[in-house]
Structure formats: C-alpha cells, structure tokens
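The values are calculated or read from the model by the stated rules, or taken from the named source; none is laboratory data. Since this is a predicted model, take the numbers as computed values, not measurements. Cβ sites come from the backbone with ideal geometry, for glycine too, and all protein chains shown count toward neighbours. Quick note on the areas: whole protein, heavy atoms, side chains included, nothing else; ligands and nucleic acids left out. Shrake-Rupley method; radii C 1.70, N 1.55, O 1.52, S 1.80 Å.
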Amino acid sequence: MSTHAAQPVAVRTHGVDMFFGDGETKVNALKQADFEANRGELIMLVGPSGCGKTTLLSVIAGTLTPQTGTVEVFGQRLDGLSQEELTTFRRKHLGFVFQSFNLIPTLSVLENVMVPLLIQGASHDVAVAKARAMLEKVGLKGREYGQPNALSGGQQQRVAIARALVHEPSLLICDEPTSALDKDTGAQIMQMVRDLSRSPERCVVVVTHDHRIFRFADRIAEMEDGRIRRVVEDASLLDTNHL
Amino acid sequence: MYRLALNMLFGDRAKLAMLLCGLAFSALLMAQQTSVFFGIMSWTYTPVYNIRAPIWVSDPMVEQANDAKPMRDTDLYRVRSVDGVAWAAPLHTSFLQARMQDGNFKLITMVGIDADTFAGAPAVLSQGHIEDLRLPNTVIVDEWGAQLMGRVTKGADGKEVVIPLKVGDTFEVNDLEARIVGICKVRRAFTGGPFVYTTYDRTKQYTLGARRTLSFMLVEPQAGVDPVKLCARIEADTGLKAWTSDTVIWSWSDRSLARNTFWWFWKNTGIPFSFGTAVALGLFVGIAVSGQTFYSFVLENLKYFAAIKAMGAGMGVIARMLLVQAFTAGLLGFGLGVGMAQAIGRAMIEKGMPPFIMFPQIFWATLALVLGISLVSAIIGIIKVSRVDAATVFRG
C-alpha cells in the first residue's frame, strides 16, 4: 500500500458501478462513475439528493466495494483489497468529517480527538500531546476536558476536523460538513478545512448540498443519476436551483 | 483504546447503574442463596462438627449422622477389643420433649456422653463447669437453647423480652428434673432443637429406660494407627459401620460421616432443588437484565462504533473494547453483589439464622458465572457491531 508522490492524481475512479438490493428493488446508485481529484486540491461533490454522492464518497473511502470498475487512492488500488486491508488503509490514510459530527458524547473533547491515533497504535501520552496540539490549531485550547455536547455546533465540527486531521491523513473525506451549521459558522469551518488541509500531499473531497460554501472549492464535480455530469472550477457555472 | 472504552462505559452513568444493578443482583442472588444453602446443609452434620472424635461407629444400617439406630451396650466392648483402638466411649442422641416451668414444651436433642471421660462433651462452655454434669439430674444446654427455652416476660416498655436460661434453672424431661449446670457454645442442629447434654447413663432415665440407648461410639485410634484403616478393621471385626469425622464435604472419602450426611440430605430432600432454582433464577435474571442493558448500551453507541470502524479500527479492537466494558461492569457488579451477600449474611449470622457459609468455591463460581454473563452480553454486542456497515456513518 505505497503511495506515489510523482502522480498528481490523488483519487481516481473509473467505470464504477454500484448496485443495492435485488430484483425489483435493485437500485443502480453509481453508473460507470468516473471521478478524479488531484493532490493539493479541495474538490466538492455536488448534486441532488439520491444522485449517488454519498455512495461515491463511500467507495472512495473504502467503506463500500463497487461491483465493477477501479478505485485508486494515492496510488493504491482499493477495488482488489480485502476488508482487513481496506481497514488498514483507512486507518493510515483517511480522515473523516461527518455530517452529524459523530463525536462520542461520553468522551471528553481531547479523548475524541485521540481516537484515530489510538486506533493507529500510538501510546496514550503521544496521543494526548498530538490531540492537544491539534485542538489548539482549531482554536479549542482550554476546552480539552469538556464534553462535546457542551460545545456549540461550530465548535463540535471543529473538534471533528481536529479528529480528522490529527493523524495527518492523505485524504480528508467530508460528508456535508456544514449542513448543521449557520452560514457564518459554515464559512469559518470551510476556511479552516481549506487552511489546515492545504498540502501538496493531501486531497480533500467534500460532499455537500450547501452552495454557500462552493467558493472554497478548487473544483466542483456535479453528479446526476449516478454519474459525474461535469466538473467546473467556477461555481457560478452551476445551476444551484436543482442541487 | 481500552481506557477510552472504559470512559465510554463510565460516561453513561444511567446505563452503567442499570448494568451494575442487574449484575450485582444476579451475583447477590447466586452467592447469597448458595451460601445459605451450604450453611443449612452444614447444619445437617452438626453432630460430627460439634463432637470431634476421630472415628464414629454406628449400626451398619445408619446412613447419616442424624439417623441413630440404637445398638446393644455390649457392642461397645466389642469395639474396644479391636486391635488399634485406644479407647471407645458411648454416645446417645435422641429427640425428646422438654417441659418448661411455664408449662410450655420444646423439642430438644438430648446428647448423652460418657461421664468418666466426657468424650463428646462440648468444647466451650460460656457458663458452668463440665464436671458438674456428674451431679444428679444435671444437664448442659447450648446458648441457642438457653435463648429458645428462656422465659418470656414483659419489659418496662410493655414489649416481650426473653430471659435466657442460666445455670441453676430447671426444666423437665419425661417428668424428670433437669437442672442446668452449664451453657455451652456449639453449632446449631438442622432439626432446630437445642442440644441438651447429660451423661450417657442418665439418658436411660430421661428416655424412660429404653432398652437400647447406644446411638454411636466415639473411638480414638492408638498412636500411629491410620483412622481409615482402623475403620475397616472395626467393620471387619464387629460388623458395625465405622466412619471418619472429617467435615470436608468435597472429599472423595466414602467413610466421612459428615460428607455422607451432606449428600444424604442432597439426595433425599428438596433443599438443593429449591436453592438451585433461586441460583438459576439469579443467573437468568443476570443474563436477561445485563444482556439487555449492555445490548441497549451498544445500540446507543452503534453509530460511534461505526465511526470508529470507518476510521480504521478492526473488529478485533472493537471486540476487545466491548469485552473490556462488559468484564469491567461484570467485576464491579460481582464486587457489589458478593459484598451485599456478605453483609446480609453477617447480619443474619448475628441474628442466629439462617446459617451463611461462603466457601471459596462459591466465591469463585459466582465470579465465573458473572463473568460468563458479561461474556454473553459482550458477544451479543460484538455480533451487533460486526454487522454494522462502516458506510452507515455517511447516511446521516
């Protein structure tokens, strides 16, 4: 599972089909989906509900295995990996920001951020030090020992970002990161994602419905009916009415 | 991750309290009922426990220590003549009615001991002297009997007060006076009747001249003679039954009178079944409550476990987290339950009943069962989490 820095492409899917269910209830969620994201890029996946954004994101994240097609992330083919190998890949190379934060309410803010490091096998002391440093970066110094539920939505998403980046993943996956936030907080969060993840060795893929944050994207891939319809650099070229 | 797993467990205090209640109640029920069971069963071989003679000899048809089948007095001489016997003393036991001074009757267990050697006499007297038993019409009563047979009167506050029997008090057995010359400390009998000690010869008076009063013979082997081998020799030479007096009920020795008594009651009474039912109930309640609560804990945390899976934690790590949580709750529940069982047991012992004996085996067996409940709960949780697709974290 090596990465090849010489390749500019960070994520590539080619001819990906994804089906759910059988018989009459069979749903073709992805239809020959081709997608590319480059290193150092923040790319957004947009499109109407049910167009396959989340499914494509899951395929890229290695939590779903497509029936056909190839998936390559930082030079590593995912479509041929076993579940165990996919788990190891996610552990080493992926960071996640979820729509509903998914912060464990019974753990402190610091402990939530430590989770990816501990999964990687870091010692408790190392995990504490790195998690503290990351929380400081996202502006939550002094809130380490509070409970996530005591924080505002924006603060919780900042904790989630700290958790996603604390183990320095190559690929940051963000699923509707601003859907639970107001406009200003959403903008702050996206600015933070952009600032913290800007690196030639990193790629950020954001699934969103929120057109207010399109301006933070380097490119925007518009999906429709299980396919990438088009990729644009200028958000004004999109018809946001049907997104 | 294990520290975080514990913090997840302790962070949800309501669930933890529910889980601990289920496990503690289960441990309490299993440990307390088993300890009371063994306490009650230990009363069955009280005669052997109270009278520490190396060898007991009985009629060959006797099956247990409370089952006295009188022998001829001449059997005593036959036993004394067996090679290897240092001495042999007669022992009488019978259930009689004692008539108190207020006219009330109480069931007693009369024990007749050899007046010359006092073999079989109680080891500890809290009042009086054993030698006074040689005086006419005298008896020694145990502390429980002194209380049970005491005089009931009204105190200054109008409440009933029992004034225990003391040295000098009298009662009647078969119209013959029994004067108390001592109060002794002995373990209580299964039958509930107090022990009243007198001399072997005097029991003939109290039992209205019964033809045969020799219930058991207490035998001391000569120095260097193995009691088990001597038992076999006594049986071969006399045709009587000889028993050893060890009270280890777990032993494999079929010569132990205590062990045979214990297992006789096990096989011939409904006591093990009724207590076994309570213990099984504790186990099922534990599995049901703890399993359900732990499952509910897992369900509530399912999306977090899914997120942890998505972040790259293998099922091995998550399974170990769940096991740590379940076993920690199990150990805490066990500690609470067994602690409560001990506290209840001690409080009951102070009140005299029911008996409570927590063998180390009960402690370890309860621990094993509670951890078994925890394991079942953890496995249910592990199966649930293993079926959760990591991709669900992207579905809101």
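Only residues that are open to solvent by less than 10 Å² (accessible area, probe 1.4 Å), outside any loop (DSSP other than H, G, I, E, B) and not β-branched (V, I, T) were counted across segment B:38-74, and they come to 6.
Quick grid of which residues meet (1) hydrophobic (A, V, I, L, M, F, W, C); (2) more than 14 Å from chain A (Cβ to nearest Cβ):
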residue	(1), (2)
B:A5	yes, no
B:K15	no, no
B:T34	no, yes
B:I40	yes, yes
B:W43	yes, yes
B:I51	yes, yes
B:I55	yes, yes
B:P70	no, yes
B:V85	yes, yes
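Taking the numbered list (1) closer than 25 Å to B:L302 by Cβ; (2) open to solvent by 10 Å² or more (accessible area, probe 1.4 Å); (3) without any contact (Cβ under 8 Å) to a residue 24 or more places away in the chain in turn, A:Q99 passes all entries but (3). Of all residues in segment A:157-182, those satisfying the criterion of being of a type outside the set (G, A, S), closer than 11 Å to A:V113 by Cα and either open to solvent by less than 20 Å² (accessible area, probe 1.4 Å) or within 14 Å of chain B (Cβ to nearest Cβ) (or both) are A:V159, A:I161, A:R163, A:L165, A:V166, A:H167.
For segment A:187-203, give me each residue that is of a type in the set (D, E, K, R) and part of a helix (DSSP H, G or I). Walk me through how you get there before you give the answer.
First, the residues of segment A:187-203 that are of a type in the set (D, E, K, R): A:194-195, A:198, A:201-202.
Scanning segment A:187-203 gives A:R194, A:D195.
Counting only residues that are in contact with a Gly (Cβ under 8 Å, 6 or more places away or on another chain) and either small (G, A, S) or in contact (Cβ under 8 Å) with a residue 12 or more places away in the chain (or both), segment B:148-167 holds 5 of them. Checked against the criterion of being over 16 Å from B:V48 (Cβ atoms) and assigned to a helix (DSSP H, G or I), segment B:209-230 has at least one qualifying residue. Contact annotation: residue pairs with Cβ atoms under 6 Å, 6 or more positions apart or on different chains, pairing a residue in segment B:299-326 that is over 16 Å from B:I383 (Cβ atoms) with a partner that is among the charged types (D, E, K, R), are B:G312/A:R90; B:G312/A:R91.
Within segment B:75-123, being more than 28 Å from B:A236 (Cα to Cα), open to solvent by 20 Å² or more (accessible area, probe 1.4 Å) and either under 30 Å from the mean Cα position of the chain (by Cα) or not charged (D, E, K, R) (or both) holds for B:F95, B:L96, B:Q97, B:Q101, B:G103, B:N104, B:F105, B:K106, B:L107, B:A115, B:A121, B:A123. Residues in segment B:1-14 include at least one that is within 21 Å of B:I287 (Cβ to Cβ) and open to solvent by less than 20 Å² (accessible area, probe 1.4 Å).
Scanning segment B:301-326 for residues that are outside any helix (DSSP H, G or I) and over 14 Å from A:I119 (Cβ atoms) turns up just one, B:N301. Would you check if there is a residue in segment B:241-262 being in a helix (DSSP H, G or I), touching a Ser or Thr at 6+ places or on another chain (Cβ under 6 Å), among the small types (G, A, S) and more than 14 Å from chain A (Cβ to nearest Cβ)? Yes, some residue in segment B:241-262 is in a helix (DSSP H, G or I), touching a Ser or Thr at 6+ places or on another chain (Cβ under 6 Å), among the small types (G, A, S) and more than 14 Å from chain A (Cβ to nearest Cβ).
Quickly run through segment B:15-27 and pick out the residues that are more than 30 Å from A:L110 (Cα to Cα) and either in contact with a Ser or Thr (Cβ under 9 Å, 6 or more places away or on another chain) or open to solvent by 40 Å² or more (accessible area, probe 1.4 Å) (or both). Listed by number, the residues that qualify are B:C21, B:G22, B:L23, B:F25, B:S26, B:A27.
Quick one: in segment B:283-323, which of the residues that are farther than 30 Å from A:A164 by Cβ and of a type in the set (S, T, N, Q) is nearest to the chain's Cα centre (by Cα)? The extreme case among them is B:S290.
Pairs, please: C-beta under 7 Å, at least 6 apart or cross-chain, first residue over 14 Å from B:V62 (Cβ atoms) and of a type outside the set (G, A, S) and in segment B:258-277, second open to solvent by 40 Å² or more (accessible area, probe 1.4 Å) and at pLDDT 85 or above? Partner pairs satisfying both residue conditions: B:P272/B:W266. Which pairs have Cβ atoms under 6 Å, sit 6 or more apart or on different chains, and link a residue in segment A:151-178 that is touching a residue at least 24 places away in the same chain (Cβ under 8 Å) to one that is among the hydroxyl-bearing types (S, T, Y) and open to solvent by less than 10 Å² (accessible area, probe 1.4 Å)? Within 6 Å, the pairs are A:L172/A:S197; A:E176/A:T208.
For the residues A:S123, A:S100, A:S152, the requirement of being more than 23 Å from the chain's Cα centre (by Cα) and small (G, A, S) singles out A:S123. Taking the stated definitions as given, is B:G312 within 14 Å of chain A (Cβ to nearest Cβ), of a type outside the set (S, T, N, Q) and at positive phi? Yes. Condition first: within 16 Å of the chain's Cα centre (by Cα) and part of a helix (DSSP H, G or I). Can you find one or more residues in segment A:164-184 that meet it? Yes, the conditions are met somewhere in segment A:164-184.
Every condition in (1) within 7 Å of chain B (Cβ to nearest Cβ); (2) farther than 21 Å from B:M315 by Cα holds for A:Q147 except the one numbered (1). Run A:G15 past the list (1) within 28 Å of A:T178 (Cα to Cα); (2) open to solvent by less than 20 Å² (accessible area, probe 1.4 Å) and report the number of the one that doesn't hold. Checking A:G15 against (1) within 28 Å of A:T178 (Cα to Cα); (2) open to solvent by less than 20 Å² (accessible area, probe 1.4 Å), the one that fails is (1). Evaluated against (1) assigned by TED's automatic domain parsing to the domain that holds B:G22; (2) more than 30 Å from A:I60 (Cβ to Cβ); (3) open to solvent by less than 30 Å² (accessible area, probe 1.4 Å); (4) of a type in the set (G, A, S), B:G312 falls short on exactly one condition, (2).
Select from segment A:40-67 the residues that are surrounded by fewer than 17 Cβ atoms within 10 Å (Cβ to Cβ) and either small (G, A, S) or modelled with pLDDT of 90 or more (or both) and list them in ascending order. Matches in segment A:40-67: A:G40, A:S49, A:G50. Pairing residues of segment B:368-396 that are within 14 Å of chain A (Cβ to nearest Cβ) with residues that are among the aromatic types (F, W, Y), at Cβ distances under 8 Å and at least 6 apart in sequence or on separate chains, gives B:V385/B:F305; B:V388/B:F305; B:V393/A:F96; B:V393/A:F98; B:F394/A:F98. In segment B:120-142, the residues that are outside the structural domain of B:F216 (by TED's automatic domain parsing) never reach a residue that is surrounded by 13 or more Cβ atoms within 10 Å (Cβ to Cβ) with C-beta atoms less than 7 angstrom apart, at least six apart or across chains. The residues of segment B:199-248 that are open to solvent by 70 Å² or more (accessible area, probe 1.4 Å) and at positive phi, listed by number, are B:L208, B:G224.
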